[in-house]
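Taken together, the values in this text are just the output of simple stated rules run on the coordinates, not laboratory data. Computed from a predicted structure; not experimentally measured. We place every Cβ from the backbone using ideal geometry, glycine too, and count neighbours over all the protein chains shown.
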Amino acid sequence: MEPAKESSLPAPESRQPDPTLDYDYSNFFWGTGNDVFDIFEPFEEWYKAARPAGYYLFGLPMNTGPGARVDIVETKTNKELKNLINLASYNYLGLSHRPEVIEAAVKATERYGTGASGSPILSGTISLHDELAARVARFKRKEQALLFPSGYSANLGVISGLMRSGDLIVTDQYAHASIMDGIVLSKANVRYFRHNSIGDLHRKLKGFKGKKLVIVEGVYSMDGDLAKLPEIVEVSRRHKARIMIDEAHSTFLFGKNGRGVAEHFGLENEVDIHFGTFSKTLGGIGGFVAGSKTLVTYLKGFSRSRVFSCALPPGVAAGLIKALDIVESEPELRTRLWENVDFMQGLLRKAGVDIGDSSSQVIPIMVRDDDRIFKIAEDMIHEGVYLNPVRYPAVGKHRSRFRISITAGHSKEDLAEGADIIQRVLERYGLCR
């Protein structure tokens, strides 16, 4: 069915707070009792009520690929909602459904089969993997690159493979969960500095005499702002700390050639470890780290998340190679993306929508109302916009929001219609300035 132009849900003022949503996952992290399974029953009791109250909105299945318009199944009612404006996908350049990418993946699958069927250090490496790693290294202008089965596993493998107990890792307080989990596995000392606060970074590095690694993100995935990389590099070098940048949301997009935020600031050679993903701009799956030959050689032996995982499927690797071809040969895709970003940010700001300090294709819609975020999300999808509600633990409590992802595949008409729906729904809740 086509999305209704007017929401059929009750008016916001008629809704009463749902006591179910006074609890969240944090209330069930610890449990009493002596059996590991003791926590299941109270969690299940809560979730049975919490899911229809809003948690069902996570993981709604799509019946289409992640294009500018999507059909989704609203699992609460089991109804299909058609032709929603998709503002939730990381498919920033629309490469996942490019015919050339699909053809390359199909041909490789026909030749090699559906999976690599082995660890990359044993029987899992095929020629396509070596070709992809070499292409990434050349694109990033680094000596070598190392592939991982996912971006998450890449951060785990690099951080825990390099840092040890007694070392110091200093990272931004908004660092991605994969960074935090890699730190935990490394057993290194950790200090978090206030988001993009150069003074606090200096304080956290000051006085430590051992091995130091500073980890930041190029684009912060929940706020859409950039790392203050020039100042971060200057302070890190002053304290003789190595620097790692997570460019999950910026590699293949930022900079004159799309090499990322480090290129954008002219600091590619000042950053020691360059991390990126294939699951966003290139439309596939996997992660990589690029840097010196000595770095990659060492990580091949000590990145357990790679050593003990199966290598990327051949079809995925071939599709990624073709997607990288397109990135390099069609810079106009990036131009179109940034035109769309400017257009959408302008519409939202003019409408009085709080989008924080975003300066990227990731645009938060700040709601800061954990109780009402799910109800607002329901209105959004019934009005015709597919957006995901974001609340704790993905962000701090009382920092709930929606997160828009702009792509080159959106038309100006898509974005104008989407902005109009967003404004209309938020005005209903008194959330436009």
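Annotation for region 363-418: trypsin sites (Lys or Arg not before Pro) lying in DSSP loop with at most 16 further Cβ atoms inside 10 Å of their Cβ are 368, 397.
Annotation: amide H of residue 93 within the under-5 Å range of 408, sequence separation 5 or more or interchain, hydrogens built in the peptide plane.
Shape summary of region 98-329, radius of gyration then Dmax from alpha carbon positions: 17.4, 57 Å.
Given Cα pairs under 8 Å that are at least 6 residues apart, what percent is the relative contact order of region 280-433? For region 280-433, the relative contact order is 23 percent. Computed from phi, the 3J(HN,Hα) profile of region 293-310 under the Karplus parametrisation 6.51, -1.76, 1.60 (θ = phi - 60°) reads 4, 5, 4, 5, 4, 5, 5, 4, x, 10, 8, 5, 5, 9, 4, 9, 10, 6 Hz, with x in place of Gly and Pro.
Among 228/280; 293/322; 140/350; 280/375, which pairs are too far apart, with a Cα-Cα distance over 32 Å? In this structure, 140/350 lie more than 32 Å apart at Cα.
For region 98-329, the antiparallel share of DSSP beta bridges with both residues in that region comes to about 35%. Put simply, the amide H of residue 330, placed in the peptide plane, has no neighbours under 5 Å, leaving out anything fewer than 5 places away on its chain. 3J(HN,Hα) along region 239-248, derived from phi through the Karplus expression 6.51 cos²θ - 1.76 cosθ + 1.60 where θ = phi - 60°, amounts to 9, 6, 9, 6, 10, 10, 10, 8, 10, 4 Hz, with x in place of Gly and Pro. Computed 3J(HN,Hα) for region 61-73, one whole-Hz value per residue from the Karplus formula 6.51 cos²θ - 1.76 cosθ + 1.60 where θ = phi - 60°, is x, 9, 9, 9, x, x, x, 5, 10, 9, 10, 10, 9, glycine and proline marked x. The antiparallel fraction among DSSP beta bridges confined to the chain stands at about 55%. Look at the alpha carbon pairs under 8 Å that are at least 6 residues apart: their mean separation over the length of region 98-329 gives a relative contact order of 32 percent.
Descending by average beta-carbon neighbour count within 10 Å, the peptides 196-206, 309-319 line up as 309-319, 196-206, the highest first. Legend: translational diffusion of region 312-391 by Stokes-Einstein, Rh = Kirkwood radius over C-alpha pairs, 20 °C, 1.002 mPa s; D = 137 µm²/s.
One quarter of the convex hull surface built on the alpha carbon atoms of region 160-239 amounts to 4.8 nm², the projected area averaged over directions. For residue 144, the residues 5 or more places off, or on other chains, whose built amide H falls under 5 Å of its own are 291, 293.
Using C-alpha pairs below 8 Å separated by at least 6 residues, the relative contact order for the chain is 22 percent.
Within a Cβ distance under 13 Å of residue 119, other residues only, what is the Lys/Arg minus Asp/Glu net charge? Neighbour charge sum, excluding residue 119 itself: +3.
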